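Engineer: Below you will find the structure I want to go over with you.
Each reported figure results from applying straightforward, stated rules to the coordinates on display, with no laboratory input. Since we're looking at a predicted model, the values are computed, not measured. Note that we place each Cβ from the backbone using ideal geometry, even for glycine, and neighbour counts take in every protein chain shown.
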Amino acid sequence: MANVNWKNLIKPVAKTSAGAAVSPAERAAKSMDDALAAFKGGNKDIKRPTIKQAGDSVVFSVRYANTALLLDGANKEFAVPANKFEEVYNAIKASVLAGEFNEQLAPLAENAKKRGKAMAKSKAASK
């Protein structure tokens with residue numbers, strides 16, 4: 001067995017890119033990628049798809065922490081011609097990553113953290 005100085009090689013996950021904190025915008029963009037992949041795969045095994053074909057249009061919402069973002073400031077669900085859908089969806093994703101929806105994402109992220117802590121506390125209490 002080779003003599004490896006493992007103490008110099010290991011790092012806590014939090015100090016590597018694998019454990020780097022993911023911003024709400026990055027998490028929302030990843031969710032959009034997952035929703036698009038599910039749509040392209042026929043939405044198999046998806047209980048509530050966020051992207052659906054509706055005739056010549058595609059109906060969609062962009063969700064984060066179980067809440068649809070108000071892309072236009074007022075509405076939660078949108079329709080776009082099917083032949084323009086991916087172009088529009090990718091432009092929205094770029095806007096999410098550029099921080100255009102951070103005002104909406106920040107309180108949703110905070111609520112998700114609170115829910116997670118409450119669920120962990122409840123689970124610990126039930127043991």
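Engineer: By a straight-distance test (C-alpha under 24 Å), which lysines pair with Lys123 as possible cross-link partners, with residues fewer than eight away in the same chain excluded?
Structural biologist: Lys113, Lys114
Engineer: While we're on this one: So between Asp45 and Trp6, what do we pick up on full extension, going 0.36 nm a residue minus the alpha carbon distance? Mind dumping the intermediate values first?
Structural biologist: Values: separation 39, 0.36 × 39 = 14.04 nm, distance 4.26 nm.
Between Asp45 and Trp6, full extension yields an extra 9.8 nm.
Engineer: Can you find, among Ala91, Asn75, Val22, the residue sitting farthest towards the positive end of the charge dipole of the chain, where Lys and Arg contribute +1 and Asp and Glu -1 at Cβ?
Structural biologist: Val22
Engineer: A further question on this structure: Charges only on Cβ, +1 for Lys and Arg, -1 for Asp and Glu: so what's the dipole of segment 45-97 about the Cα centre, in debye to the nearest 20?
Structural biologist: Working: 7 positive and 6 negative charges, 45 e Å.
It works out to roughly 220 debye.
Engineer: Report the label-to-label distance for Asn83 and Lys127 in nanometres (one decimal), using points 7 Å from each Cα along the Cα→Cβ vector.
Structural biologist: 5.8
Engineer: Using the Karplus curve 6.51 cos²θ - 1.76 cosθ + 1.60 with θ = phi - 60°, what ³J(HN,Hα) values do you get for each residue of segment 33-48, in whole Hz, with x for Gly and Pro?
Structural biologist: The phi angles translate into 4, 5, 5, 5, 4, 5, 4, 5, x, x, 6, 5, 6, 10, 5, 10 Hz.
Engineer: Need one word for segment 45-97: rounded, prolate or oblate. Basis is the Cα gyration tensor (sqrt eigenvalues a ≥ b ≥ c); a/c below 1.5 gives rounded, then a/b vs b/c decides.
Structural biologist: oblate
Engineer: Under the classification rounded if a/c is under 1.5, otherwise prolate if a/b is larger than b/c and oblate if not, where does the chain fall, given a ≥ b ≥ c as square roots of the Cα gyration tensor eigenvalues? Could you put the intermediate results ahead of the total?
Structural biologist: Working: a/c = 2.10, a/b = 1.67, b/c = 1.26.
Verdict is prolate for the chain.
Engineer: Taking the Cα centre of the chain as the origin, how large is its charge dipole in debye, to the nearest 20, when only Lys and Arg (+1) and Asp and Glu (-1) carry charge on their Cβ atoms? Please report the intermediate quantities before stating the final value.
Structural biologist: Numbers: 21 positive and 12 negative charges, 217 e Å.
Around 1040 debye, computed over the chain.
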